[in-house]
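Single-structure report; data block below.
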Amino acid sequence: MKTTDKQLNRNYWIQKTISSVLKLSLEPISLQKQLEQTLAMILSIPWLSIESKGCIFLVDEHRHVLHLVAQQGLPDTLLHSCSKIPFGYCLCGQAALTKKVVYAKCLTKLHTVHYDGMLEHGHYCIPVMNGKKLLGVINTYIVHGHKRDKTEIDFLTAVANALAGVIERKRAEEALRKAKDELEVTVENLKLSLEPISLKEQMRRTLALILSIPWLSLEAKGCIFHVGADGKSLKMIAHQGISDFLITTCRKIEFGQCLCGRAAENREIIFADRMDDRHEIQYEGIKDHGHYCTPIMFGKELLGVINLYVTKGHKSNKTEKDFILSIANTLAGVIKRKQAEESLQKAKGELEIIVRKRTSRIRQLHRQNKLILDAVAEGICGVNAQGKITFINPAAMDITGYDADELIGRSFHNVLHKRENVTPFHPQKKCPVKISIEHGDTISIINEVFWKKDGTSLPVEYESTPIWEKNKIVGGVVTFRDITLRQQAEDQVRQSLEMLNSALHSTVDALSMTSEIRDPYTAGHQKMVAHLACAIARRMGLRQEKIEGIKVAALLHDLGKIYVPAEFLSKPGDLTAIEHDLLKTHPTVGYEILKNIEFPWPIGEIVLQHHENIDGSGYPRGLTGDEILLEARIIRVADTTEAMASHRPYRPSLGIDRALEEITEHKGTSYDPDVVDACLQLVAEKQDLFTAPGGSD
């Protein structure tokens with residue numbers, strides 16, 4: 001009975017301890033605090049034959065070393081000696097190396113760590129395992145001579161297994177939080193790059209953002225430099241928390257001077273855990289500290305340096321370096337964007353001037369046309385129910401060349417409207433004036449021919465209105481005007497429109513070439529996409545006006561890539577997540593460039609939507625179905641087909657057959673079914689889907 005009670009008591013403590021460990025994993029405390037509390041629970045179990053001291057190590061996978069992270073009751077000598085334990089060294093190192101429980105009832109030759117006055121004791125060293133992966137070691141002290149107890153080992157192993165889950169969960173949470181912070185900083189920087197603020201203000205906000213991230217072991221101060229006009233020095237453009245002395249002294253740093261100058265000269269990140277000989281700029285009373293000095297690189301071009309402060313003795317780690325390098329890469333894009341903005345703003349201004357001038361000219365021609373038409377008096381003829389002229393005003397006589405007595409009583413149709421053996425010939429039964437009187441409808445004809453007394457034709461616009469009297473049609477009024485001047489004006493407008501269209505397409509071609517020049521591997525891509533998109537649109541029966549808008553949007557759909565670093569576009573391997581996120585901003589950037597330009601079509605919106613998918617899985621807004629403009633859906637299919645059929649730096653051409661498999665497989669999810677069907681019909685008819693760069697539609 002006593003044995004049963006004892007076993008029940010042990011089971012109770014096992015369940016209670018493991019439950020407490022699992023609850024700890026849900027608390028908002030650091031991993032170190034969780035490990036310290038877990039160790040305290042283990043050492044407080046009354047039936048365990050262990051002393052009230054011990055420690056927990058975590059593994060440094062890259063160096064095969066155990067790091068002491070939690071302890072209770074250890075003397076200072078051991079805290080120093082056991083801060084780092086290589087695999088295989090002492091009992092804990094043996095447990096790490098073999099991934100098995102190490103038991104010692106007394107001090108043996110395996111107990112490598114000794115100090116004067118150390119009392120005899122033994123150990124249970126329990127590896128903390130997640131499957132086959134070693135996460136750490138739990139080290140407990142036992143009384144000298146204590147015999148190995150399977151129940152105790154099973155209990156400690158169960159706790160170690162529960163602790164493995166806690167460690168993995170906490171590390172996953174920290175990794176997720178760091179990734180989230182990294183993404184937020186990147187997105188915030190990209191947002192800043194689109195704001196109408198100076199480069200200096202952008203750098204100031206970015207620096208504040210970096211220094212606010214809690215998991216980065218940084219002091220709340222730092223600065224950002226950009227390369228001076230001489231190309232041989234750095235100029236401070238933003239700072240936070242540094243002394244007035246440093247603001248003045250470090251306003252300009254020569255390449256090779258101090259840590260920042262060395263980072264600029266060597267084009268590589270420099271880390272220092274304290275002030276050493278490289279830290280040339282000092283002043284009386286300066287507090288010892290370290291630095292991350294990170295060059296801002298755009299390809300092989302140096303744009304500046306980020307200088308961040310760390311506390312003395314800080315240990316550099318890969319996560320921090322990778323994060324800071326990621327921020328530096330984003331800043332490189334921001335700086336280059338500002339430079340590109342100047343040239344782009346110039347091109348945009350020139351385009352707007354052309355559009356304004358042509359639009360003003362067209363409006364002027366319309367106003368002139370209206371003035372001309374208003375100045376010309378209209379001809380008015382009254383006719384009876386039989387269509388014979390009963391009245392004619394002076395303007396009508398001037399227009400036709402007839403006197404009133406030559407027209408009154410004669411058939412309007414026979415005298416003014418028809419001519420035998422002349423094209424066009426209008427039989428009386430089809431005469432609009434006769435039809436108007438017979439049916440009681442007002443009929444307007446905007447372009448027809450009347451015949452003058454001298455036998456010449458006269459282009460006219462006229463309207464026939466029936467005259468009612470006591471619910472009976474008794475005749476009609478024909479109002480007409482000479483449209484010779486209007487036709488001439490329309491010819492001028494047509495010519496101006498053709499000139500405007502030519503100028504517009506020349507400018508669109510120039511903007512299209514701007515983005516393609518930066519990426520030689522995809523040169524001609526936008527023109528070939530435009531050719532295929534127009535062919536699909538024609539197959540779908542779209543109006544020529546809409547097809548023309550599709551062509552312009554397709555030629556500009558990748559314009560936003562001028563803000564994407566060129567090395568990302570021509571990178572031979574896969575893009576990183578951050579690089580891919582930056583690439584995915586190109587529809588939004590293209591929209592920001594184009595949205596205020598007065599095109600006859602919604603070019604900016606089409607460019608913004610050309611990576612949206614029918615099922616909402618696209619970007620940047622996750623639109624679905626008819627929320628996406630038809631023009632954007634057409635360009636989506638054409639863009640995918642051309643890209644997969646063409647060579648890219650990160651892969652050879654997949655061929656047109658593979659491209660068609662892609663759009664067929666994702667028809668109705670990523671791609672509009674009607675658009676895919678039209679594209680497949682073009683292939684079935686063996687039409688040439690693409691033209692060589694420089695071709696036209």
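Would you check which residues across the stretch 99-137 are part of a loop (DSSP other than H, G, I, E, B), more than 24 Å from THR77 (Cβ to Cβ) and among the basic types (Lys, Arg) and list them? LYS99, LYS100, LYS132, listed by residue number.
So which residues in the stretch 138-157 are assigned to a helix (DSSP H, G or I), more than 19 Å from ALA70 (Cα to Cα) and either in contact with a strand residue (DSSP E or B) (Cβ under 9 Å, 6 or more places away or on another chain) or among the aliphatic types (A, V, I, L, M) (or both)?
GLU152, ILE153
Is there a residue being under 21 Å from LYS252 (Cα atoms) and either among the hydroxyl-bearing types (Ser, Thr, Tyr) or surrounded by fewer than 20 Cβ atoms within 10 Å (Cβ to Cβ) (or both) anywhere in the stretch 311-322? No; the residues of the stretch 311-322 include none that is under 21 Å from LYS252 (Cα atoms) and either among the hydroxyl-bearing types (Ser, Thr, Tyr) or surrounded by fewer than 20 Cβ atoms within 10 Å (Cβ to Cβ) (or both). Applying the condition of being assigned to a loop (DSSP other than H, G, I, E, B) and modelled with pLDDT of 90 or more to the stretch 662-688 and asking which residue is nearest to the chain's Cα centre (by Cα) yields SER670.
GLU579 meets each of the listed conditions (1) of a type in the set (Asp, Glu); (2) in contact with a helix residue (DSSP H, G or I) (Cβ under 8 Å, 6 or more places away or on another chain); (3) part of a loop (DSSP other than H, G, I, E, B) apart from (3). Taken as a whole, the structure leaves ILE237 outside the set of residues that are among the hydrophobic types (A, V, I, L, M, F, W, C), within 26 Å of the chain's Cα centre (by Cα), assigned by TED's automatic domain parsing to the domain that holds LYS300 and surrounded by 14 or more Cβ atoms within 10 Å (Cβ to Cβ).
Give ASP277, ASP273 a once-over and let me know the one that is acidic (Asp, Glu), surrounded by fewer than 17 Cβ atoms within 10 Å (Cβ to Cβ) and touching a strand residue (DSSP E or B) at 6+ places or on another chain (Cβ under 7 Å).
Exactly one residue qualifies, and that residue is ASP273.
Evaluating GLU490 against the criteria (1) surrounded by 12 or more Cβ atoms within 10 Å (Cβ to Cβ); (2) modelled with pLDDT under 85; (3) among the charged types (D, E, K, R); (4) not in a helix (DSSP H, G or I) leaves one unmet condition, (4).
Restricting to the stretch 557-589, count the residues that are closer than 30 Å to ALA684 by Cβ and of a type outside the set (Asp, Glu).
Of the residues in that region, 1 qualify.
Return yes or no: is CYS55 at pLDDT 85 or above, within 16 Å of TYR124 (Cβ to Cβ) and either surrounded by fewer than 18 Cβ atoms within 10 Å (Cβ to Cβ) or in contact with a Lys or Arg (Cβ under 8 Å, 6 or more places away or on another chain) (or both)? The answer is no for CYS55. Taking the stretch 651-663 only, how many residues are touching a Phe, Trp or Tyr at 6+ places or on another chain (Cβ under 9 Å) and either hydroxyl-bearing (Ser, Thr, Tyr) or loosely packed, with under 11 Cβ neighbours inside 10 Å (or both)? Of the residues in that region, 0 qualify.
The residues listed here are LYS133, LYS84; of these, the one that is within 54 Å of the chain's Cα centre (by Cα), closer than 18 Å to ALA162 by Cα and surrounded by fewer than 20 Cβ atoms within 10 Å (Cβ to Cβ) is LYS133.
Applying the selection to the stretch 40-62, what residues are in a strand (DSSP E or B) and charged (D, E, K, R)?
Of everything in the stretch 40-62, those that are in a strand (DSSP E or B) and charged (D, E, K, R) turn out to be GLU51, LYS53, ASP60.
With respect to (1) touching a residue at least 60 places away in the same chain (Cβ under 8 Å); (2) closer than 17 Å to GLU631 by Cα, the lone exception for VAL552 is condition (1).
To keep it simple, each residue is scored yes or no on (1) modelled with pLDDT of 90 or more; (2) closer than 30 Å to ILE437 by Cα; (3) crowded, with 18+ Cβ neighbours inside 10 Å.
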| residue | (1), (2), (3) |
| --- | --- |
| LEU485 | no, yes, no |
| SER496 | no, no, no |
| ASP509 | no, no, no |
| GLN544 | yes, no, no |
| ILE562 | no, no, yes |
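Considering only residues that are of a type in the set (Lys, Arg) and either surrounded by fewer than 18 Cβ atoms within 10 Å (Cβ to Cβ) or in a strand (DSSP E or B) (or both), which ones fall in the stretch 430-477?
LYS430, LYS452, LYS453, LYS470, LYS472
The values are calculated or read from the model by the stated rules, or taken from the named source; none is laboratory data. It should be emphasised that the depicted structure is a prediction, and the values quoted were computed from it without experimental measurement. As a convention, Cβ positions derive from the backbone with ideal geometry for all residues, glycine included, and neighbour counts pool all protein chains shown.
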